[in-house]
Amino acid sequence: MTAENFTQLTYLLAAGLFVFSLRWLSHPKTARRGVLAGVAGMTAAIVGTLLHPEIVNYTWIIVALVIGTMIGVPLSWVPLTAVPQRTALSHAFGGLAAGLVGTAKYVLWHGEGALTHYRAAVIIIEVILGYLTFTGSLMAAGKLQEVIPTRPMTYRNQNVINLALFALALGIGGYLVAVPEQWQLFPPVIVLSLAFGVLLILPIGGADMPTVISLLNSYAGLSAVAMGFLLDNKLLVIAGALDGSSGLILSVIMCKAMNRSFSNVLFGAFGQVQSSAAAGAQQTVKSGTPQDAADLLESSSRVVIIPGYGMAVAQAQHRVREIYDQLTKRGIDVRFAIHPVAGRMPGHMNVLLAEAELPYESLLEMDEVNPDMPQADVAVVVGANDVVNPAARHDTSSPIYGMPIIDADRARSVIAIKRSMNPGFAGIDNELYAGENTLMVFGDAKAVLGDIAKALSGQGGIH
């Protein structure tokens, strides 16, 4: 077998493993197997590429390997709450790689006089998608890390200006495809793509970041497809297509979960604080102590816990597990209701609860748990906000009107754990908190849940 045949064989193996990886990652029970399949596939792809007969010198490959390891290892140490930011950074690296490869190929082929119309077209697609993914993902990571304001940043005629810049980049790119020798126009395409990535993310608020990250993942995949055509690498085409299509499908699923369109997510500036919330319009709420919450839970038969981003920020998943243990020990039925867009990344809540080793069968999707909510004695809302706001069902003026929610308000009693009455990502007050059956327990979720767990275990000193 020649080295070339061996390389193609490893590519075929890697492609198959990538497909199985995606399939297995779709369910918690097979997710670990999916991760292992993905790692094995990437290993096969790298080994096959390193044995490619066209490689004559490994020096720069080793340099890149060392730099990549130096960046990648610290990234693997980030806490689970920072995984969305890390994912956005990974997309940024992918976009940058695609953009740089496209740039290098343009310079190389232009110098050799080998720049055909086809090659120029593929390069332009790769460069635009790659560089806008790079800066867009960096902006998304900055917003998620809150080094950049998470609320939408808007200005007059924003969408018109953004689309005009993108159209200008496409127009110049189209001219370069027709006249590839006009290299002076290539740098403006890069600059416009980088600028569009920044401007694209500015008006998008934190509530839409899960969808945007998924969409940027799709862009990174499509740029990889273009890179595969450019390098005549079938594995890059397959892997990029899998990445691009899965990211797009996930974005569609999340848009449906929020009853929103793509255009509304990208251009709607969703999440600006509404005037009433900004002015601190007072809602009359009933507040209590962790002991009050423990008493309510202890007297119940069915409890539904609804986790949100507040649980992730407080790293309170292990305290949730303690309460689960205390309640199930008493024979109380405890389930978890997971909204599709809870947290800042698809599956964010599932990952955190899995880390606390809560049984998968107790984690229910929104559609599964909502019919049972009227039979729940207590719904415990831990740091969730917009995904339990009843205004989504009836208030046609609300920005979240029509968004499917978890029907926490239909439980007999609600315990809402929250730091303050500040609005969530949508920037609006939550009617649930002012409900007659709602008890607010203010404080850090980890501390409050820890006190509730102590009260349930019979330890004193909780007031």
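So P74 ticks every box in (1) assigned to a helix (DSSP H, G or I); (2) in contact (Cβ under 8 Å) with a residue 12 or more places away in the chain; (3) of a type outside the set (G, A, S) but one. Which box is left unticked?
Here P74 meets the rest and fails (2).
Could you grab me the full set of residues in the range 114-137 that are open to solvent by 30 Å² or more (accessible area, probe 1.4 Å) and of a type in the set (S, T, N, Q)?
T116 - this is the single residue of the range 114-137 that is open to solvent by 30 Å² or more (accessible area, probe 1.4 Å) and of a type in the set (S, T, N, Q).
Yes or no: L168 crowded, with 22+ Cβ neighbours inside 10 Å, assigned to a helix (DSSP H, G or I) and more than 22 Å from the chain's Cα centre (by Cα)?
no
Within the range 140-165, take every residue that is of a type in the set (A, V, I, L, M, F, W, C) and under 14 Å from T87 (Cβ atoms) and give me the one that is surrounded by the most Cβ atoms within 10 Å (Cβ to Cβ).
Once the filter is applied, the top-ranked residue is A140.
Condition check ((1) open to solvent by 20 Å² or more (accessible area, probe 1.4 Å); (2) more than 30 Å from M345 (Cβ to Cβ); (3) aromatic (F, W, Y)) across all residues:
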site: Y175; (1), (2), (3): yes, yes, yes
site: P180; (1), (2), (3): no, yes, no
site: V189; (1), (2), (3): no, yes, no
site: L199; (1), (2), (3): yes, no, no
site: D208; (1), (2), (3): no, no, no
site: I213; (1), (2), (3): no, no, no
site: A220; (1), (2), (3): no, no, no
site: A226; (1), (2), (3): no, no, no
site: K234; (1), (2), (3): yes, yes, no
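Just one of the numbered conditions (1) open to solvent by less than 40 Å² (accessible area, probe 1.4 Å); (2) part of a helix (DSSP H, G or I) is not true of G111; which one?
Among (1) open to solvent by less than 40 Å² (accessible area, probe 1.4 Å); (2) part of a helix (DSSP H, G or I), the lone unmet condition for G111 is (1).
If I190 meets every condition in (1) modelled with pLDDT of 90 or more; (2) not in a helix (DSSP H, G or I) apart from one, which number is that one?
Just one mismatch for I190, condition (2).
Of the residues that make up the range 223-235, is at least one without any contact (Cβ under 8 Å) to a residue 24 or more places away in the chain and of a type in the set (K, R)?
Scanning the range 223-235, I find no residue that is without any contact (Cβ under 8 Å) to a residue 24 or more places away in the chain and of a type in the set (K, R), so the answer is no.
Identify, by number, the condition in (1) open to solvent by 30 Å² or more (accessible area, probe 1.4 Å); (2) at pLDDT below 90; (3) under 30 Å from I213 (Cα atoms) that Q283 doesn't meet.
It is condition (3) that Q283 fails.
Check off (1) part of a helix (DSSP H, G or I); (2) over 20 Å from the mean Cα position of the chain (by Cα); (3) in contact (Cβ under 8 Å) with a residue 24 or more places away in the chain for Y118 and give me the number that stays unchecked.
(3)
Quick one: N162 ticks every box in (1) closer than 28 Å to E4 by Cβ; (2) in a helix (DSSP H, G or I) bar one, so which box is it?
Unmet condition: (1).
Select from the range 110-160 the residues that are within 14 Å of P203 (Cβ to Cβ) and at pLDDT 90 or above and list them in ascending order.
G136, M139
Check I46, I55 and return the single one that is more than 28 Å from N350 (Cα to Cα), open to solvent by 70 Å² or more (accessible area, probe 1.4 Å) and aliphatic (A, V, I, L, M).
Exactly one of I46, I55 is more than 28 Å from N350 (Cα to Cα), open to solvent by 70 Å² or more (accessible area, probe 1.4 Å) and aliphatic (A, V, I, L, M), namely I46.
If we keep just the residues of the range 9-43 that are over 22 Å from the mean Cα position of the chain (by Cα) and in contact (Cβ under 8 Å) with a residue 60 or more places away in the chain, which is surrounded by the most Cβ atoms within 10 Å (Cβ to Cβ)?
This residue is A14.
Scan the range 77-91 for residues that are of a type in the set (S, T, Y) and modelled with pLDDT under 85 and report the count.
Here the count works out to 1.
The values are calculated or read from the model by the stated rules, or taken from the named source; none is laboratory data. Just so we're clear, the structure is a prediction, and the values are computed from it rather than from any experiment. All Cβ positions, even for glycine, are placed from backbone atoms using ideal geometry, and neighbour counts span all protein chains on display. Quick note on the areas: whole protein, heavy atoms, side chains included, nothing else; ligands and nucleic acids left out. Shrake-Rupley method; radii C 1.70, N 1.55, O 1.52, S 1.80 Å.
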